[in-house]
Amino acid sequence: MLGKVFVLFKRDLKVGLRDFISLYIIVFPVLFALVINIFIPGINETTVNLALLEGENLEQAAYLDNFADVELFDSEEAMEERLRKRDNIIGILPGESGYVLATQGNEPESVVEYAKALVTYHAFGVTVQDTRGEIVDFGRTMPPLKRMLVAWAVLFASVLGGMLIAISIVEEKVDNTISAVNVTPLSRGGFILGKSLIGILVPVAGTVLLLGATGFAGVNLGQVILLLLTLSLISVLIGFIQGINNDDIMNAAASIKILFLPLFASVAAVEVMGERWQFLFYWIPFYWVYKGIREVLADSASWGDVLLYAGIVAVIGGVVYAVLAPRIRKGLE
Amino acid sequence: MISVRNLYHSYSNDDKYAVKDVSFEVKEGEVFGFLGPSGAGKSTTQNILTGLLQLQKGEVAVAGYNIKKIDNRMFNEIGMSFEESNLYGKMTAKENLDFYRKLFDVETRDSMDLIRIVGLQGKENIRTKEFSKGMKHRLTFARSMINNPRIWFLDEPTTGLDPAIASEIKDIIREENKKGVTVFLTTHNMYIADELCDRVAFIVDGEIRLIDSPKSLKLAYGDKLVDVEYIKDGKVLKETFSTVMEEDKQRLIRVIGSHDIQTMHTKEATLEEIFIKVTGRGLV
Ligand SMILES: Nc1ncnc2c1ncn2[C@@H]1O[C@H](COP(=O)(O)OP(=O)(O)O)[C@@H](O)[C@H]1O
Ligand SMILES: [Mg+2]
């Protein structure tokens, strides 16, 4: 039975790679990772890098090394050459009154501000003991845009997985091949499971590649995948029902778009809405998954949190299942 | 091999029956034909027998399995060729068969062998959406024997095929039947029924009117038909009368008594003529 379930998956994948829309969906996470890498500096590079002149101020260099990656150069020329490289590095040079910050010009403001703050703290003699959580937090901040986009892309990949299912169900309906499969020993449940796999495994593989390619390889992959899988239960159900309700691939793919609104709303809620409005989004599974993945990417999620979020999504998924499963069974007869 | 008792089916779940009180038995190794005009309920019956339609009322057993609650293992023992071909358009002929083979638990036939048997060699690597209607139909037919079925359900296996190919399909069916395969065949083509079937059921409006072998039907009706050409109101009319059916005998007497007869021949009845005589309906 399990073997046959994979036979269905392999067929779906093979045919999916022959269809322009499906192919695009399958490679989406990798494309998206490329885009992120081109337009947003890498995660590792955004640890703030500072360039200092060797031997100029040993005590300052030691101080700054607590908060940033300090590189030392023996001449201003060598430092300038380094500053011209693509990543974010800020040179600190002695000036007439205090210090001069030298930048290439394209560094994010936050990084420049951070460097400024560090130099100022040093000038005022603020020690590590004096520093509050604030400054340390500031130091660890990844570019929020990147984390946001990657977390969003994981959610999006899950929805696209549902779209793959919808497309393949529409094809089975148009070719009328379900009846041919129905006169083989493969059970109805086996068929549904087999057709689900492409909507689960493709987003999982895509997410792993996405995280690897965008510098998040070190995050807790198990937590991300758990969150993704609970969300995918819902995406898969929606994919089936849209496949059953549509007779045209374009319509089926387009009808999945109804999920984009709650998806974007959830991202917006987590990112910009105040604490007291959050409850308005509690019913949306994307909200919890986004929140969870965002925390995992920031290395600040505990298993307790992740299990809580995944549990909430699983409960919502259970409700969706109860509503849609009978219609799906009926629709595949 | 197949036993059907008091089978009813209504698509609207009321008393508008597409199949009404149908009962019959198919013996092992037999070719059993369901002969009737389109809309008679042939496909409906076959779809119930193969589990594609839920059994509503009646008792059905296929290969020893009760259809009320289908055991999926039954599908290892039956094959089904569909009236409308149903293939994956984005897969080649060979890929379609290779995929289908893997869904069975029993030994299956080689895809290329089957492609050759139905004359599609050279076309195996073409996606089936490029196929003509006839080619699709042949591949669907070939697919139905992939698991070496003991019972083979064929829904209109030759309809829409050109005569040469239809004749090849007929030979394949005969060939498989010789190996012991039981065949349940629906058709509205009386030549196919005549040539292939050990027994036929005449079905009209969801009801079986008669079950017999073509041979004994011809014994009962053959040589006992008379073609008569006679003149009525200045026009030449042609009519066929049975010399065994009481109603026809009386009419024949009246025609001879009151009109000028031009020609009168006895002849062997075709299955179609017998069908018309028995059911009062044509086969289209
Ligand atoms: N899916 C369906 N829904 C409703 N009525 C149907 C359906 N399929 C067939 N019928 C009706 O049932 C009757 C028998 O059809 P069918 O079994 O396909 O006949 P045959 O195969 O002998 O041509 C016809 O009146 C047909 O219109
Ligand atoms: Mg039919």
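The values are calculated or read from the model by the stated rules, or taken from the named source; none is laboratory data. Bear in mind the structure is a predicted one, so any value in this text is a computation, not a measurement. Cβ placement follows ideal geometry from the backbone for every residue including glycine, while neighbour counts extend to all protein chains displayed. Accessible surface is based on the protein model in full, side chains and every heavy atom, while ligands, DNA and RNA are left aside. Shrake-Rupley method; radii C 1.70, N 1.55, O 1.52, S 1.80 Å.
Per-structure values
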quantity: Distant-in-sequence amide H partners of B:Phe34 (H built 1.01 Å from N, under 5 Å); calculated: B:Leu185, B:Thr186, B:Thr187, B:Ala201
quantity: For chain A, built as a Gaussian network whose Cα springs stay under 10 Å, the top-fluctuating residue of A:Pro144, A:Pro203, A:Pro185; calculated: A:Pro185
quantity: Pair B:Asp260, B:Glu59: separation of 7 Å Cα→Cβ label points (nm); calculated: 6.3
quantity: C-alpha long axis of helix A:188-213 to longest principal axis of chain A, angle in °; calculated: 10
quantity: Shielding of B:113-123 by partner chains, average beta-carbon count, 10 Å; calculated: 0
quantity: Ordering of A:90-97, B:9-16 by burial proxy (mean other Cβ atoms within 10 Å per residue, highest first); calculated: A:90-97, B:9-16
quantity: Among beta bridges that DSSP assigns inside the range B:33-192, antiparallel share in %, nearest 5; calculated: 20
quantity: Lysines whose Cα lies under 21 Å from that of B:Lys179, excluding same-chain neighbours fewer than 8 positions away; calculated: B:Lys27, B:Lys170
quantity: Rounded if a/c under 1.5, otherwise prolate or oblate - the range A:225-274, Cα gyration tensor axes; calculated: oblate
quantity: Share antiparallel - DSSP beta bridges, the protein assembly as shown, percent rounded to 5; calculated: 60
quantity: Inter-probe distance in nm under a simple model that places probes 7 Å from Cα toward Cβ, at B:Ile172 and A:Ala254; calculated: 4.0
quantity: Pairwise label distance in nanometres, A:Ser302 with B:Asp162, each label 7 Å out on the Cα-Cβ vector; calculated: 7.8
quantity: The protein assembly as shown: translational diffusion in µm²/s, Stokes-Einstein, Kirkwood Rh over Cα pairs, 4 °C, 1.567 mPa s; calculated: 43
quantity: Principal-axis tilt of helix A:2-16 within chain A, Cα atoms, nearest 10 degrees; calculated: 70
quantity: Relative contact order [Cα under 8 Å, 6+ residues apart], chain B, whole percent; calculated: 21
quantity: The range A:284-333: chymotrypsin sites (Phe, Trp or Tyr not before Pro) falling in loop per DSSP and having at most 16 other Cβ within 10 Å; calculated: none
quantity: Derived scalar couplings ³J(HN,Hα) [the range A:88-102; Karplus, 6.51 cos²θ - 1.76 cosθ + 1.60; whole Hz; x for Gly, Pro]; calculated: 8, 9, 10, x, 10, 10, x, x, 5, 10, x, 10, 10, 9, 10
quantity: Average beta-carbon neighbours from other chains, 10 Å sphere, peptide A:181-191; calculated: 6
quantity: Prolate/oblate/rounded call for the range B:223-267, Cα gyration tensor, a/c under 1.5 rounded; calculated: oblate
quantity: C-alpha center-to-center spacing [the range B:101-151, the range A:257-297] in angstrom; calculated: 50
quantity: 24 Å Cα-Cα reach of B:Lys249 towards lysines, excluding residues that sit fewer than 8 places from it in its own chain; calculated: B:Lys215, B:Lys218, B:Lys224, B:Lys232, B:Lys235, B:Lys238, B:Lys267, B:Lys277
quantity: With Cα atoms, 0 to 90° folded angle of helix B:163-178 axis to chain B main axis; calculated: 70
quantity: Area accessible to solvent at A:Leu280, 1.4 Å probe radius, in Å²; calculated: 80
quantity: Exposure of B:Ile208 as accessible area (Å², to 10), given a probe of 1.4 Å and all protein chains; calculated: 40
quantity: Choice from B:Ser38, B:Ser23, B:Ser132 showing the highest fluctuation, given a GNM over chain B with Cα pairs closer than 10 Å; calculated: B:Ser132
quantity: Integer Hz, Karplus 6.51/-1.76/1.60 couplings in order for the range B:267-274, x for Gly and Pro; calculated: 7, 7, 7, 7, 4, 5, 5, 5
quantity: Amide H contacts under 5 Å for B:Thr270, placed H, 5+ residues apart; calculated: none
quantity: Phi to ³J(HN,Hα) by Karplus 6.51 cos²θ - 1.76 cosθ + 1.60 over the range A:266-276, Hz, x for Gly, Pro; calculated: 5, 4, 4, 4, 5, 7, 10, 7, x, 3, 6
quantity: Area accessible to solvent at A:Met250, 1.4 Å probe radius, in Å²; calculated: 110
quantity: Alpha carbon centroid spacing (whole Å) that separates the range B:152-209 from the range B:1-77; calculated: 17
quantity: 5 angstrom amide H check on B:Val19, placed H, neighbours 5+ away; calculated: B:His9
quantity: Counting DSSP beta bridges with both ends in the range A:44-130, the antiparallel % (nearest 5); calculated: 30
